[in-house]
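This report refers to the structure that appears directly beneath it.
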Amino acid sequence: MPDIIQLLPDSVANQIAAGEVVQRPASAVKELMENALDSGATHIKLIVKDAGKTLIQVIDNGCGMSETDARMSFERHATSKIRKADDLFSIRTMGFRGEALASIAAIAQVEMRTRRIGDEIGVKIDIEGSEIKNQEACSTPEGTSISVKNLFYNVPARRNFLKTDSVELRHIIDEFQRVAIPNPEIAFTFHHNTTEVFNLPVGNLKQRLMNLFGTSYNSRLVPVEEETGIVNIKGFVTKPEFAKKTRGEQFFFLNKRFIKNGYLHHAVQSAFEQLLPGDSFASYFLMLDVDPKTIDINIHPTKTEVKFEDEKAVYAFLRSTVKKSLGQFNIAPSLDFDQEAHLYNMPLKPIDGIIKAPTIKVDPNYNPFKTETPPTYRKNYTDRELSNRANWEKMYSRHSENQHELEIQKEDSQQSISPDWDNELHESNKKTTYQLHSKYILSHIKTGFMVIDQQGAHERILYERIMDSLEKHKSATQQELFPKTLELNAADFALVQELHAEIQAMGFDISEFGKNTFVIHGVPADTVNYDSAALLEGLIENYKQNLLELKSDKRENLARSMACNMAIKAGKTLAQEEMNNLIDELFACKMPYSTPGGKPTVTTFSLEDLDKRFKK
Ligand SMILES: Nc1ncnc2c1ncn2[C@@H]1O[C@H](COP(=O)(O)OP(=O)(O)OP(=O)(O)O)[C@@H](O)[C@H]1O
Ligand SMILES: [Mg+2]
């Protein structure tokens, strides 16, 4: 028998390695931008077409490469960043594995143009599926430009696996932010198709965050800073009142590299302790600086997981530093001398009279579930809804021979409610719905009782209502007396532009108003009691979250996001009529038994079960 083991050709080995390094267009963006950072560039441009599926181009004004290095850079394990094993413990560069370009060139058509600072002429290399197609001298600016075209053109399974453009673009924006945040001394631009998504001038960290996430961040951020022997910590957390319902902006950077670390996340989250409502998250942008000797970043090819020599100590320092900053901020709100210098140049005006602390008016009786008119049953049910309702009414019907029910009825009638319940569904509802812990609605049914999750049920009702308006392209809009403006970051602004038609169909009336800003002229008619800007902001936030987690289409995602945003929450006390209305509307839905996210809305308990429990 002949020997059968062979070394794989480089192109195949590279393609296998690429599977780990390049999972989607965003991974290529990350690798190219990190190379640009390592080149010492002061200006980095990212150009993307069709969410990276057609083109990803990164242009830098860094050190550039010689002709030989340019060719070498596409070889596997070829790097200028480390020389020997020991160097792995003093890494200050983003790259060191020498495999990113080789991997990318194995699964795409790549064009590199590069010129070293001081060289007269540059070089252009075309490489495709690890094969050099062309190499020639060319005139090009100092620095490097790498274009990656038709990613995964030779790996159809991977290409087909890519998600929609919005999802892939979201991932690219995430990677772009992860590189841009810890490097405010470098200017960045990012174009997608014909849109400029970000234009980030050189500045300090706070300015960088405002450019990325909107100027409203100026008043949201609390500075965090501490130097210890083990770790230096610098950055910002957001004030507790700006916590988000979804994990929004949470960034750790270790020696300027974005890392994911659940343990350290816990340290920050627990520093907020009672300051945050249970179901919300603070945003944070924290730079940790440690001696590279005390960490190992060579755990995974994407380098986002890191092993610390003393993780417990880092946890403890992080937690106490964030806690201290929050404490200081509570006592003395910080003034930012970079941003608020104009405050000191303002002429001092004498103030007459007594200065009153601003007050916030809260309507304790406000209930988002309540409609303007007293709750009534809808009159115009469709055939399907009627049949659902009929079933529900059957279930609700009290023609029970069951003795236990009769006992309850007796009790009910003692509470001076009309005994004529047989024909009066509405009345019988009134008698037989109870709210448990401001969270669940409990109601008698023929065979026992049922428990409804009020939040889930309301989500289902709203979801179907919103889907309906999206499909029919019509819903009532209530014009705002005082239109509100909503300033967004560039990425969210682009998202709202993309969703404009659907958002309009949901009943919002919005129009663009200068850079990254919308004016809200009107809101969906059943949301008049909400803060319109917060409503729209919440919608975008939920939409983005769903985008990454779900496979749902645009409309479904919007309807889910809005329903989740508007639904009454656990903890809300409901009046009898509101509970009846909720039950009635729920059973008029196409799918009353689950939330749009697939969780149950209703569960039933039979009398038999109860009887069993009381038997000895
Ligand atoms: N934009 C650039 N400017 C200058 N040199 C570059 C640039 N991109 C790549 N190089 C050179 O090509 C080499 C190979 O790049 P590649 O990204 O494949 O590996 P790496 O950055 O060394 O390690 P890693 O695989 O961890 O990213 C780099 O070490 C660097 O010398
Ligand atoms: Mg690299």
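The values are calculated or read from the model by the stated rules, or taken from the named source; none is laboratory data. The model shown is predicted, which means the values in this text are computed figures rather than measured ones. Note that we place each Cβ from the backbone using ideal geometry, even for glycine, and neighbour counts take in every protein chain shown.
You will find that of SER66, SER73, the residue that is closer than 26 Å to GLU131 by Cα, surrounded by fewer than 19 Cβ atoms within 10 Å (Cβ to Cβ), within 13 Å of ligand 1 (Cβ to nearest atom) and hydroxyl-bearing (Ser, Thr, Tyr) is SER66 and no other. Does segment 3-22 contain at least one residue that is at pLDDT 90 or above, in the same structural domain as SER73 (by TED's automatic domain parsing), within 16 Å of ligand 2 (Cβ to nearest atom) and surrounded by 23 or more Cβ atoms within 10 Å (Cβ to Cβ)? The answer is yes; a qualifying residue exists. For segment 63-95, filtered to residues that are part of a loop (DSSP other than H, G, I, E, B) and either in contact with a Ser or Thr (Cβ under 6 Å, 6 or more places away or on another chain) or β-branched (Val, Ile, Thr) (or both), the residue that is farthest from ligand 2 (Cβ to nearest atom) is GLY64. Per this entry, LYS239 is counted among residues that are closer than 18 Å to LEU326 by Cα and of a type in the set (D, E, K, R). Identify, please: which residue in segment 144-175 is more than 30 Å from GLN250 (Cβ to Cβ) and charged (D, E, K, R) and is, among those, farthest from ligand 1 (Cβ to nearest atom)? Among those that are more than 30 Å from GLN250 (Cβ to Cβ) and charged (D, E, K, R), it is ARG159. Quick check: is even one residue across segment 172-185 aromatic (Phe, Trp, Tyr), outside the structural domain of LEU221 (by TED's automatic domain parsing) and crowded, with 20+ Cβ neighbours inside 10 Å? Yes: segment 172-185 contains one or more residues that are aromatic (Phe, Trp, Tyr), outside the structural domain of LEU221 (by TED's automatic domain parsing) and crowded, with 20+ Cβ neighbours inside 10 Å.
Taking every residue in segment 499-517 that is within 14 Å of SER532 (Cβ to Cβ) and of a type in the set (Asp, Glu) and pairing it with any residue that is at pLDDT 90 or above and assigned to a strand (DSSP E or B), at least 6 positions away or on another chain, the pairs with Cβ-Cβ distances below 6 Å are ASP509/HIS521; ASP509/GLY522.
The listed residues are ILE117, ILE132, and the only one of them that is within 11 Å of ligand 1 (Cβ to nearest atom), assigned by TED's automatic domain parsing to the domain that holds ILE16 and surrounded by fewer than 17 Cβ atoms within 10 Å (Cβ to Cβ) turns out to be ILE117. Beta carbons closer than 8 Å, at least 6 apart along the sequence or on distinct chains, pair a first residue in segment 25-41 that is among the basic types (Lys, Arg) with a second that is within 12 Å of ligand 2 (Cβ to nearest atom) and not in a helix (DSSP H, G or I) for LYS30/THR302. Checked against the criterion of being within 14 Å of ligand 1 (Cβ to nearest atom) and either of a type in the set (D, E, K, R) or closer than 19 Å to ALA108 by Cβ (or both), the candidates ALA26, ALA36, ALA41 yield just one match: ALA36.
Tell me which residues, restricted to segment 159-195, are over 30 Å from GLN15 (Cβ atoms) and in a loop (DSSP other than H, G, I, E, B). Within segment 159-195, ILE181, PRO182, ASN183, PRO184, GLU185, ILE186, THR194 meet the criteria. Restricting attention to segment 555-598 and to residues that are in a helix (DSSP H, G or I) and without any contact (Cβ under 8 Å) to a residue 60 or more places away in the chain, the residue that is farthest from ALA457 (Cα to Cα) turns out to be ASN557. Taking each residue of segment 64-85 that is free of Cβ contacts under 8 Å to residues at least 60 places away in the same chain and farther than 19 Å from PRO9 by Cβ and looking for partners that are within 12 Å of ligand 2 (Cβ to nearest atom) and of a type in the set (S, T, N, Q) with beta-carbon atoms closer than 8 Å, six or more apart or interchain, yields ASP69/SER80; LYS81/THR93.
Can we say ILE104 is surrounded by 19 or more Cβ atoms within 10 Å (Cβ to Cβ), of a type in the set (A, V, I, L, M), within 16 Å of ligand 2 (Cβ to nearest atom) and farther than 29 Å from VAL306 by Cβ? In short, no. Scan segment 91-114 for residues that are away from ligand 1 (no atom under 15 Å from the Cβ) and within 27 Å of PRO182 (Cβ to Cβ) and the total you get is 0. For segment 45-58, filtering for residues that are more than 9 Å from ligand 1 (Cβ to nearest atom) and either among the β-branched types (Val, Ile, Thr) or more than 21 Å from ILE127 (Cα to Cα) (or both) leaves 7.
Only one of the listed residues (LYS515, LYS484) is modelled with pLDDT of 70 or more, assigned to a loop (DSSP other than H, G, I, E, B) and of a type in the set (D, E, K, R). That residue is LYS515. Candidates in segment 219-232 are the residues that are closer than 17 Å to LEU209 by Cα and aliphatic (A, V, I, L, M); of these, the one that is surrounded by the fewest Cβ atoms within 10 Å (Cβ to Cβ) is VAL222. ILE520 meets the conditions (1) of a type outside the set (Asp, Glu); (2) outside any strand (DSSP E or B); (3) without any contact (Cβ under 8 Å) to a residue 60 or more places away in the chain in every case but one. The failed one is (2). Every condition in (1) in a helix (DSSP H, G or I); (2) surrounded by 15 or more Cβ atoms within 10 Å (Cβ to Cβ); (3) more than 19 Å from the chain's Cα centre (by Cα); (4) at pLDDT 85 or above holds for LEU539 except the one numbered (3). Which condition does ASN193 not pass, out of (1) modelled with pLDDT of 95 or more; (2) over 20 Å from the mean Cα position of the chain (by Cα), if it passes all the others? Result: ASN193 passes all but (1).
For (1) touching a residue at least 40 places away in the same chain (Cβ under 8 Å); (2) surrounded by fewer than 16 Cβ atoms within 10 Å (Cβ to Cβ); (3) not assigned by TED's automatic domain parsing to the domain that holds GLY248, each residue gets a yes or a no:
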{"residue": "HIS265", "(1), (2), (3)": "no, no, no"}
{"residue": "SER270", "(1), (2), (3)": "yes, yes, no"}
{"residue": "ALA282", "(1), (2), (3)": "yes, no, no"}
{"residue": "PHE285", "(1), (2), (3)": "yes, no, no"}
{"residue": "VAL290", "(1), (2), (3)": "yes, no, no"}
{"residue": "ILE295", "(1), (2), (3)": "yes, no, no"}
{"residue": "LYS303", "(1), (2), (3)": "yes, no, no"}
{"residue": "LYS307", "(1), (2), (3)": "no, yes, no"}
{"residue": "ASP310", "(1), (2), (3)": "yes, yes, no"}
